[in-house]
Amino acid sequence: MNSTPDNAIVCKDVGKIWAQGTDRAHEALVSLDLEVKAGEFVVLLGPSGCGKSTLLYLCAGLESVTAGEINAFGKPVREPAPERSLIFQESSLFPWLTVSQNVTFGLSLGSANAEERRAVAEDVLSKVGLLAAMDKRPDELSGGMRQRVAVARALAMKPKVLLMDEPFAALDVQTRAKMQDFLLDVWRTSNASVLFVTHHIDEAIALADRVVVFTSRPGTVKEIVPIDLPRPRDQFSTEAMQLRMQLTELLSSEVERAFAEQEAIL
Amino acid sequence: MQQSAAESGSVESGAGVPVSRFPGSERIKKLLPGIGWTFLSVGLFTLIWEFAWFMGWADPKLLPPPHVFMGDLPSQAKNFNTAQRWQIGTGTSDAPSPGMAVLITIFSSTYRVMLGLLCAAVVSIATGIAIRYWSLFGKLTLPTITLLAPVSPIAWLPVAIFLFGIGDAPAIFMVFIALFFTMTLATITQIDSVNVNYLNVARTMGASKLQTYTRVVLPAILPGLLVVLRLNLFGAWMVVLIAEATGVGYGLGQVIMLARNTFNPGLVFFTIVLIGITGFLFDYALRLLQSKILYWVPKGQGSLG
Ligand SMILES: Nc1ncnc2c1ncn2[C@@H]1O[C@H](COP(=O)(O)OP(=O)(O)OP(=O)(O)O)[C@@H](O)[C@H]1O
Ligand SMILES: [Mg+2]
């Protein structure tokens with residue numbers, strides 16, 4: 001497996017055991033191999049608890065692997081970096097800051113002055129269509145708007161990889177569809193790679209260049225399904241229907257296994 | 001269909017106009033039920049007391065009814081003596097008027113509570129943060145703090161008097177020591193329960209440890225700390241009253257002690273009313289402060305009502 005700078009993220013034989021060495025040790029990932037090419041949109045699909053979030057944390061550098069290696073643009077991932085931005089499932093905006101202060105939080109840690117910060121805030125907030133909400137506080141926004149601000153905050157750091165952990169899971173169907181379109185726009189214009197976690201097969205089909213289906217815990221890659229449909233995609237086209245059936249098939253066998261295992265434990 | 005539209009239209013214009021004409025009225029309207037119930041509750045309680053007196057169930061020497069101990073304010077006020085005749089340069093006739101003496105007494109107690117609370121809050125928050133910031137400091141101090149936290153503040157009273165004699169200092173020290181340990185532990189608990197996503201965001205953005213503490217941890221723990229502060233307000237009042245009762249100078253606690261020694265139940269109840277009102281206003285002020293500092297916390301959350 002190559003780890004040339006062409007590849008945004010390369011996971012080689014990655015394993016993660018939570019609380020390793022204690023009696024609460026818990027294997028989340030095992031011998032996982034995965035590549036995300038520069039500029040690629042990869043979606044992780046898998047049953048609940050299979051270690052998708054864990055993989056994103058490892059890629060972000062917030063946790064360290066217990067086996068194998070993760071490289072980002074040819075360099076091993078050891079700690080978090082602004083170029084690999086993680087967007088969380090629930091809103092992680094600071095409630096005590098305004099939208100624009102949230103978006104420029106990372107810049108304000110360095111030497112950027114107020115003018116530069118304002119320019120960046122205007123730039124990224126207009127990209128997510130929230131320029132008008134600049135001086136609002138997060139709790140004045142809807143859930144969808146908050147997630148867009150979170151995306152804007154990540155964009156402000158000019159990331160090369162966006163790691164997104166079920167960012168739209170809490171939204172209603174219509175808002176989610178809008179957010180998907182919006183994300184694709186952002187992705188096209190920013191040249192960033194995206195590693196996107198979801199439970200939803202439809203979301204995976206709408207977004208991905210490739211869908212990576214996980215096995216149940218301990219998670220590893222079960223199958224990679226390329227989606228070679230032109231965007232914007234018609235979710236009712238024959239190809240999309242076929243993909244939906246294929247992915248449902250792959251997923252449900254894993255979900256059943258996960259349930260059987262959980263029942264055996266209980 | 002048409003009728004309901006007309007109706008809703010008239011309702012809108014009927015309710016909308018007066019509200020916009022008197023901008024403050026909306027707020028007062030919201031406050032009114034609360035105030036009403038407060039008065040009703042106190043009134044009911046007073047009425048029962050008066051009734052018990054009227055029927056002869058309550059001995060007026062032991063349980064004088066409110067109209068007796070609240071009725072004659074000037075003679076009650078005479079019990080509040082804040083004259084400092086022992087001070088050099090103070091004439092014998094320089095004593096403040098009884099009304100002034102009451103205010104000075106209330107102010108003295110309030111001042112002790114406030115200063116003690118402020119010192120305790122600042123020092124314990126700083127200590128709590130330092131314990132989590134420098135783990136060596138934490139390992140050295142946390143066990144001692146945890147051991148001392150459950151010690152009743154009353155046990156510190158002799159220490160306060162040995163160290164500071166009489167006056168404001170021992171009373172303030174008492175408040176400080178009563179709150180310091182619990183508030184330090186509360187600060188640590190708050191730090192440990194900061195939303196881990198906030199910390200992860202800070203880490204991803206490249207925040208240093210110092211930046212993480214000043215920019216994320218501190219604002220994140222502030223709401224919880226203000227609640228702790230408000231809960232400890234009552235403790236602070238208690239400690240000050242006890243300290244004053246043992247003689248640290250004039251104050252509401254001293255007046256209660258005086259009432260006890262001269263067997264004056266009326267004065268006890270009068271002072272209790274003063275303490276109640278002052279404490280209530282104090283809590284109200286802290287709530288205002290809370291809503292000013294914590295502009296981002298939604299109403300009803302982290303404010304305990
Ligand atoms: N911080 C942690 N400490 C210990 N164990 C953890 C931790 N985080 C996750 N795990 C465990 O690792 C396994 C994988 O969890 P993870 O959150 O990665 O799953 P997931 O695929 O994201 O699930 P979901 O779809 O429900 O979000 C789970 O069994 C979980 O209990
Ligand atoms: Mg997850």
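Since every read-out is calculated from the coordinates, none of them should be taken as a lab result. Just so we're clear, the structure is a prediction, and the values are computed from it rather than from any experiment. Here Cβ is always computed from backbone atoms with ideal geometry, including for glycine, and neighbour counts include all displayed protein chains.
In terms of packing, defined here as the mean over residues of other Cβ atoms within 10 angstrom, the peptides B:154-160, A:155-161, A:223-229 line up highest first as A:155-161, B:154-160, A:223-229.
Per-residue Karplus couplings for region A:245-259, computed as 6.51 cos²θ - 1.76 cosθ + 1.60 with θ equal to phi - 60°, are listed in order as 5, 4, 5, 4, 4, 4, 6, 5, 5, 6, 4, 4, 5, 4, 5 Hz, Gly and Pro entered as x. Distance between the pseudo-spin-label points of A:Glu69 and A:Asp185 (7 Å out from Cα toward the beta carbon): 4.1 nm. In this structure the amide hydrogen of A:Phe214, modeled in the peptide plane, comes within under 5 Å of the amide hydrogens of A:Leu45, A:Gly46, A:Lys222, none closer than 5 places in sequence on its chain.
Taking 7 Å steps out from each Cα toward its Cβ at A:Lys37 and B:Phe164 produces label points 7.3 nm apart.
Remark on A:Gly49: its backbone amide H falls under 5 Å from none of the residues 5 or more positions apart or on other chains, H modelled at 1.01 Å from N.
Within the same chain, aspartates and glutamates fewer than 8 places from A:Lys16 are excluded, and of the rest, those with a Cα less than 12 Å from its Cα are A:Glu27, A:Glu63, A:Glu69. Within a straight-line Cα-Cα reach of under 29 Å, B:Lys30 can be paired with the following lysines, leaving aside sequence neighbours fewer than 8 residues apart in one chain: A:Lys136, B:Lys292, B:Lys299. Taken one residue at a time, the phi angles of region A:179-193 give Karplus couplings (6.51, -1.76, 1.60, θ = phi - 60°) of 5, 5, 4, 4, 5, 4, 4, 4, 4, 4, 7, 9, 6, 7, 8 Hz. Gly and Pro are set to x. Reported to the nearest whole Å, the Cα centre-to-centre distance from region B:108-122 to region A:103-130 is 42. If one computes P(r) from the Cα atoms of the protein assembly as shown, what percent of pairs lie at distances over 48 Å? It works out to 37 percent of all Cα pairs. Past the 15 angstrom mark, what percentage of all C-alpha to C-alpha distances in region B:23-73 do you count? Value for region B:23-73 (Cα pairs over 15 Å): 59 percent. For an R0 of 25 angstrom, estimate the FRET efficiency from the Cβ-Cβ distance between B:Leu40 and B:Leu289 and round to the nearest 0.05. So the FRET efficiency works out to roughly 0.35.
On the basis of the beta-carbon distance and an R0 of 25 Å, B:Phe280 and B:Met100 show a calculated FRET efficiency of 0.65. Listed by chain and number, the aspartates and glutamates whose alpha-carbon sits under 15 Å from that of A:Lys75, ignoring those within fewer than 8 places in the same chain, are A:Asp6, A:Glu35, A:Glu83.
Looking at chain A, the DSSP beta bridges with both ends there are about 50 percent antiparallel. Placing R0 at 45 angstrom, the Cβ-Cβ distance between A:Thr248 and A:Trp18 gives a FRET efficiency of 0.95 after rounding to 0.05.
Extension gain for B:Asp192 to B:Phe234 (0.36 nm times residue separation, less C-alpha to C-alpha distance): 12.5 nm. Database remark: amide H of A:Leu86 closer than 5 angstrom to the amide H of A:Leu163 (H placed geometrically; neighbours at sequence offset of 5 or more, or on other chains; Pro and chain starts carry no H).
The simple spin-label model puts a point 7 Å past each Cα toward its Cβ; for A:Asp172 and A:Ser111 those points are separated by 4.9 nm.
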